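Here the structure comes first, spelled out in structure tokens, and everything after it is commentary.
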Ligand SMILES: CC(C)(COP(=O)(O)OP(=O)(O)OC[C@H]1O[C@@H](n2cnc3c(N)ncnc32)[C@H](O)[C@@H]1OP(=O)(O)O)[C@@H](O)C(=O)NCCC(=O)NCCS
């Protein structure tokens, strides 16, 4: 039997720090409002020379290095993004393949908004367990500053740029395997979070009904975790790190409280990076790896929600 294991993590954090003061200098807002409603103090912004594929390729190189493999060993590249370098083609995964010096590899993008990394994980697991691929590079990469409307004060301060990547590899050892992943979508709620179509005369900036999104996010993130935990007979004490999508501190707090996780289990990076969509979970995993909270054998619970609507969760043993 072949299983999929989570071998390594990497991230690229752009160097420019954009604090709340940047927004205060440009629009009618204040630090107290932003901090109280979102928990965000700073986000990172990519430079004009860096596109989404650059961020993704940099994160990918770190993940490959930590897994002890080269790009020649990768047989599938999946990039989750809602801010691709090009609108429809070529895919950002193709551009990342080029930046990793690969000319003959299967490469595709996933569009599942903030749930993108969990969707990518699920596709990687299926390809590996079917025996079709051995080492899959999955990436969540976003240059959201390209699609944020900086005249919309209710949404623009929420988002930042960044990328995270992971290597998912085949193993025959069940103890090293990803335990479970579940992904869902409901297109009937498409109007809550969207970027206008390419045919639209409106600029292609992200639009969000923040208040409604907030309530549905809390409800969905909570019930999705309850489902996957129950299905796999997992209890809170079986989880070392609860890593939710980093959208908003109040959403994470409400979900964490409802699920009764202890503070030491909860991972929070939203204060420093804001919402980086598909990159937020792998960037948070990377932070845990770099500060020593994530070591081989630890169990992570991932939980995400985003435009589409899409949502998903995963229970993963880290095999790095
Ligand atoms: C965006 C969000 C922070 C707004 O908070 P909210 O409590 O819903 O705020 P509202 O939109 O109801 O606005 C409340 C008040 O703040 C004001 N306001 C809006 N933006 C403001 C800003 N940047 N600074 C100061 N005041 C602001 C509004 O005008 C409104 O004023 P009023 O009561 O006098 O009319 C919140 O809805 C949210 O976080 N939603 C989820 C977003 C998210 O995470 N999406 C991604 C999911 S993957």
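The values are calculated or read from the model by the stated rules, or taken from the named source; none is laboratory data. For clarity, every value in this text was computed on a predicted model and none was experimentally measured. Here the Cβ is made from the backbone with ideal geometry for all residues, glycine too, and neighbour counts use every protein chain on show.
So that you can scan it fast, the table gives a plain yes or no per residue for (1) buried (at least 18 other Cβ atoms within 10 Å of the Cβ); (2) within 24 Å of residue 52 (Cβ to Cβ); (3) in contact with a strand residue (DSSP E or B) (Cβ under 9 Å, 6 or more places away or on another chain):
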position: 118; (1), (2), (3): yes, yes, yes
position: 187; (1), (2), (3): no, no, no
position: 197; (1), (2), (3): no, yes, no
position: 215; (1), (2), (3): no, no, no
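The set of residues from segment 171-211 being assigned to a helix (DSSP H, G or I) and modelled with pLDDT of 90 or more comprises 174, 175, 176, 187, 188, 189, 190, 191, 192.
With respect to the conditions (1) away from the ligand (no atom under 16 Å from the Cβ); (2) in a strand (DSSP E or B); (3) under 12 Å from the mean Cα position of the chain (by Cα), residue 162 lacks only one, and its number is (1).
Meeting the requirement of 1 or more residues that are within 16 Å of the ligand (Cβ to nearest atom) and more than 18 Å from the chain's Cα centre (by Cα), the helices (runs of 4 or more DSSP H) wholly within segment 231-320 are 249-259.
Please tell me if residue 177 is in contact (Cβ under 8 Å) with a residue 12 or more places away in the chain, more than 13 Å from the ligand (Cβ to nearest atom), under 23 Å from residue 283 (Cβ atoms) and crowded, with 19+ Cβ neighbours inside 10 Å. The answer is no for residue 177.
Just one of (1) out of contact with any helix residue (DSSP H, G or I) (no Cβ under 8 Å at 6 or more places or on another chain); (2) more than 25 Å from residue 131 (Cβ to Cβ); (3) crowded, with 22+ Cβ neighbours inside 10 Å fails for residue 81. It is (1). Hey, among 25, 54, which residue is within 16 Å of the ligand (Cβ to nearest atom) and free of Cβ contacts under 8 Å to residues at least 60 places away in the same chain? When all the criteria are applied, what remains is 25. Looking at segment 152-170, I want the residues that are closer than 14 Å to residue 277 by Cα and have a partner that is within 9 Å of the ligand (Cβ to nearest atom) and in a strand (DSSP E or B) with Cβ atoms under 8 Å, at least 6 apart or on another chain. Which pairs are those? Once the first residue is closer than 14 Å to residue 277 by Cα and sits in segment 152-170, its partners that are within 9 Å of the ligand (Cβ to nearest atom) and in a strand (DSSP E or B) give 155/208; 158/275; 159/275; 160/275.
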